[in-house]
Each structure stands twice: as structure tokens, then as C-alpha cells.
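What follows is a single structure, written as C-alpha cells, with notes after it.
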Amino acid sequence: MTAPQNPLLNDRDVEFLLYEVLDAPRLCELPHFADHARETFDLYLKSCRRFARDVLFPTYKPVDESPPRFEGGAIKVHPALKQVFRPMVELGVLAATRPAAVGGQQLPLVVATLAGAYLMAANLSACSYLGLTTGAAHLIETFGDDALKAAFMTRMYAGEWTGTMALTEPQAGSSLADVQTRAARTEAGHYLVRGSKIFISGGDHDLTENIVHLTLARIEGAPPGIKGVSLFAVPKRRPERGTEGGQLVPNDVEVAGMIHKIGWRGLPSLSMSFGERGDCHGYLVGSPHQGIAYMFQMMNEARIMVGVNAAATASAAYHEALGYALVRPQGRRLGSRDPAAPQVPIIEHADVRRMLLRQKAIVEGSLALLATTALFADLAAHAADAEERARAQRLLDLLTPVAKTFPAEKGFESNALAVQVHGGYGYSSEYLPEAWLRDQKLNSIHEGTTGIQGLDLLGRKVVAEGGAALRALGGEIQRTLGRAQRAGVEPAWGERLGAAASLLDEVTAHLAEAGARGDVDRMLRHSADYMELASTVVIAWQWLEMAAAAREGLARGSSPAGFLEGKLCAAQYWFSTELPRVDALAALCRSGEDSYARIEPAWF
């Protein structure tokens, strides 16, 4: 028997999140989204899911098996990517959430995020060319002058050119204060850029005629450290002055080498050289020395995008494992003593259901968190009331490192379980789970490693403004507790979440006190454990919210009832098996246990 076609995401789950958990159509009451309604949301979702399943997903395995080639100083991508790139652009993905004034659809981010998850689950490498372009164009839209917008942004949102972020360098890694690329101002107004960049995703390809690199560099004479870094738009080819129509000429931007990745194989990761011949023109974006502050807009957007990639990759593998378990016959039910009895599908075995339920809890919890985070982004930008915008921004800032980290770290575990469900077949390249496992590992590395996200969460986000964001989160949890109580959710779940949230507050206060005394090492020593503690509580909050919506749906007679019962089983799983772990994590964070702090390099 053949396994059912992989849906990539569960359509009913997407509908459930948008319309029953989050009530996304309420956004249409805001002036910015007034031209939209559930009908336009559904139309965009339908277009993206159909394209993902029918067009994009069939390209995934061929693209994974034949990565881009570095030939003659340029990158050549798989022909399948050329076939899907323009249709993807025509879906409206590039400017889906951008204002109509720049050619966008002004869709809420919460809708675009879930629609984009279908595309990412189908072929994340193909989607990433567009995601990077949107982020780069948005930087120019926000901080660039009219000339830059006309020269670059318009073509990028139209999909004529793509964009990248050229941040890190071989000697700098994640420490962007150490970038050494230089920019010298010319009398003509542009800058001459010279330096090297590494790990530049989509830094070269043959999908479009031009690529615009949003590049961090130091203007000559700039102060050291972060305060001396500026942002430049550096095209692969620049319009030649004095030529009709601005004919494009090479801009002294070269590929120095290609990194051979274990996953995301359709998207080249490159080392790049700028200005080796002294003729690389860069165009300042915004004001000098504000590059890091500007780039954080794109980096924070990218962190959420990485979280969506992680959830989508885990979702594709989960649905593949579920489909396989439904049709793969092996063994007999426990207690069966008749060797002549027919074999049963492996989903009949309790341990297989355990692995599938854990995947479900991780995948659907991740998608709920990402949708909630996107909703706060919509409200932070467009809510009618200034106080509501500020509150939503605090929650967005707080949840972003969690929304990046949890889907990546637990998503990798979920992907490993998908391999396990397939047994020996999972440990082969003939089946897809191993490829998704390779893809998933990158998500805990790029756009800030898990360690960096933990430092950001504990060292900045939860203590900012005297803990205002954490108090706002506590308010959201209290609202959910009320909804769950009214819906008739198991009372013990709400009690456990309330206790866990209080414990998180207590641990945060304890660690913040150490930081206030000047003992920053003590405060941040267990930031990775603190991230896991906070993530576990946040996902419990999401599962209680979904449990409340499921109970409300059952009371209304919503269908299918089995879908809603499945939500309650997954919630039960999280509250019974994961939330109890917060006590040990809290104790560890408080203890100051210093084994890896005091061990010296020579002792390893």
C-alpha cells in the first residue's frame, strides 16, 4: 500500500490557528488591513499551498541531490530552480506584507507566515532566495533614500533582482563589531568598498541578472567596534552612468569560493570578495555608523524566518513519518499470540505513536508560537493605539529569540524521530527524512546560534525596561488561563502553567539580581538552560491556548472532532511530559553550577 501524499502542513491546523486560536480577521478592523478579509487570506493560502505541493515539492529531491556548481567564477544553480523562481515571484511572495505604495499586498504577517511555511516545507532552498530578497529590499525601503529605492528596491520587490545580507567575515564570525571591510567616500557620492565576506547565502546565482548585497563595512576614520559600522547597498552589477537605460556593468564583486554544505543544498553559501580591483561601488543606506542598528531589522525578520523554516522542515518530516506509519505493516499487536494473524501498520504500536505524538507536539507548538509572534509583529506596526503597539513590540522582542530557537532545537529532535519511525529505510537517501534532518541542523546555527539567542533572551529581552516584556507575557498567560477555564479545559493544566510562569519570573528575578550586582558571568552562565526553561513554558502557553480553542470547537460541534481531540492529546502530552522539566531547569539556573565555567582548556 502506498503512503498518502505528503501535505507538508495540515490545512485544518492552519485554519485552526488563524481563525479559531488567533482570530486573525480581527486585524481587518485596522486601517492598514482594511482591504482584506478572510476571503483574501484564504485565497493567498490556497495559492501558496497548491504551488508548494504541485510545483515546488517535486523539485526538492533533485535540487538536494545536485547542488549549485562553481564554474568560471560564477554559480550555476539547478535548472529546476530556474523553472520555479518566476512562478514563485508571481505568487506575490516577495512583497506580500509590504505596503501597496511599494507594490505590496499589505497582507498581515501572520497570514503570510503560515502561507510561506507551505513553500518552505516544499523546498526551503528555493524559498530562501525570495526571503533574503524581501529582507534586503525592506531595509532599503525603511532606511534608504528615494534614489536607492528607485535604483534597487523596486526591482527587488518585482523579483527582477535578488538581495542578500553580507555581514560576517572570516575573522569575525558572529561578532559583527569585528568586521574589517572598508568603504572610502568618493567625490561622486558613492563609496569604494574593499573586503571579504563569508557564508553569504545566495551571494551568486544565475536566476536573475543582478544581486544586491546589503553589506556591513567601516567608513574610513570610523570609530572602532559596533559604533563604527555602516550599511551599504553593493550590487553585483551597477548601472553605468551615461549609458542609455543604465546598462549594467560588473561592480568588482567576485565569488572567492563555495562552501559545501550538508543541507540547504539548493542555496549556495559563498565567500565573497569586494573591490579587489579597487572598483566596487557601494551606496550608503541611511546615516553613517548605523549599520548594526539598521541590520537588526533584517536579522530579526530573518530569525523569525529561520524559525518558520525549522517548523516547516519538521512538519514535512512529521507528515512523511505519519504517512509511512499508517501503511507500513510490521509485527502484531501486543498480546496477540497467533503467528498467522495479519501484520498491523506500525502506527498500531504504542512506541511509534509516542514518537509521532512528540513530533506533533513540537511541530504544532512551533507553528502556533510563530503565528502568535507574527501577530504581535502586525499589532506592533499597525495597532490603532500607541500603548497597544508598544506592548506588542515588547512581546515581539521577547518572543523572537524563542521563536527562532525552539523550532530549530526541538525541530531537529522531531526530524530525528521521523528518521526513527522509518527504521532502516529512514537511514537511507532513498527516503526523504535524512535530507530534512540535514537541512534542519543549520537552523540552530545561522542568524545567531542557539547560544547567542539564549544570551539575547536573558541578557537583554527579559530585563529590558525593568522586565516589562516578561510582565506583558504574564498578562497573555493570564488571559489564556481565563479562556481555558471558561472552555472547560482540564484544570490541572492551567494550574501547572500558572505555577511554571511564576517560577520563570522568580528565576529571572534571581538572575537579574546577580547581573545588577555586576556578576554578569553568574547571571548568564546558564543562559542556554534559561532558554530551554522559557521555551518550555512558552510552548505550554501555546498548547493551553490551542486546548481552549479545541474545547470551544467541540462544544460548537466543529469538525472533524478527531482533529480537535488530537489537539487535546498533544496538549496533555506537553503538560505531562515536558512542563514538569521546568523545575529541574529552574534549579540549575539558580544554582550557579560552574563545571563548564571553571574547567580550563587544558583539562579537556
Assess whether residue 159 counts as being under 21 Å from the mean Cα position of the chain (by Cα) and surrounded by fewer than 24 Cβ atoms within 10 Å (Cβ to Cβ).
-> no
Applying the selection to region 5-28, what residues are of a type in the set (A, V, I, L, M, F, W, C) and under 20 Å from residue 54 (Cα atoms)?
-> 8, 9, 14
Say whether the condition of being touching a Lys or Arg at 6+ places or on another chain (Cβ under 8 Å), modelled with pLDDT under 95 and surrounded by fewer than 16 Cβ atoms within 10 Å (Cβ to Cβ) is met by at least one residue in region 176-193.
-> yes
If you take the residues of region 177-194 that are among the hydrophobic types (A, V, I, L, M, F, W, C) and in a loop (DSSP other than H, G, I, E, B), which of them is farthest from residue 251 (Cα to Cα)?
-> 179
Does region 333-382 hold any residues that are part of a loop (DSSP other than H, G, I, E, B), open to solvent by 20 Å² or more (accessible area, probe 1.4 Å) and under 24 Å from residue 566 (Cα atoms), and which are they?
-> 333, 334, 349
Within region 403-416, the count of residues that are surrounded by fewer than 24 Cβ atoms within 10 Å (Cβ to Cβ) and either among the hydroxyl-bearing types (Ser, Thr, Tyr) or out of contact with any Leu (no Cβ under 7 Å at 6 or more places or on another chain) (or both) comes to 3
Selection within region 476-494 - assigned to a helix (DSSP H, G or I) and either open to solvent by less than 30 Å² (accessible area, probe 1.4 Å) or in contact with a Leu (Cβ under 9 Å, 6 or more places away or on another chain) (or both) | 476, 477, 480, 481, 482, 483, 484, 487, 492, 493, 494
Before we move on, is residue 520 open to solvent by less than 10 Å² (accessible area, probe 1.4 Å) and within 30 Å of the chain's Cα centre (by Cα)?
-> no
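Results for (1) crowded, with 19+ Cβ neighbours inside 10 Å; (2) within 14 Å of the chain's Cα centre (by Cα); (3) in contact (Cβ under 8 Å) with a residue 40 or more places away in the chain, shown as yes or no for each residue.
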site: 265; (1), (2), (3): yes, no, yes
site: 274; (1), (2), (3): yes, no, yes
site: 277; (1), (2), (3): no, no, no
site: 280; (1), (2), (3): yes, no, yes
site: 290; (1), (2), (3): no, no, yes
site: 302; (1), (2), (3): yes, yes, yes
site: 305; (1), (2), (3): yes, yes, yes
site: 309; (1), (2), (3): yes, yes, yes
Total residues in region 148-176, condition free of Cβ contacts under 8 Å to residues at least 60 places away in the same chain and part of a helix (DSSP H, G or I) = 5
Is one or more of the residues making up region 62-76 among the basic types (Lys, Arg) and in a helix (DSSP H, G or I)?
-> no
Take region 384-397 and flag every residue that is under 15 Å from the mean Cα position of the chain (by Cα) and open to solvent by less than 40 Å² (accessible area, probe 1.4 Å).
-> 396
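The values are calculated or read from the model by the stated rules, or taken from the named source; none is laboratory data. Note that the structure is a prediction, hence the values are computed from the model and not measured. Here the Cβ is made from the backbone with ideal geometry for all residues, glycine too, and neighbour counts use every protein chain on show. What goes into the accessible areas is simple: the full protein's heavy atoms, side chains included, and nothing from ligands, DNA or RNA. Shrake-Rupley method; radii C 1.70, N 1.55, O 1.52, S 1.80 Å.
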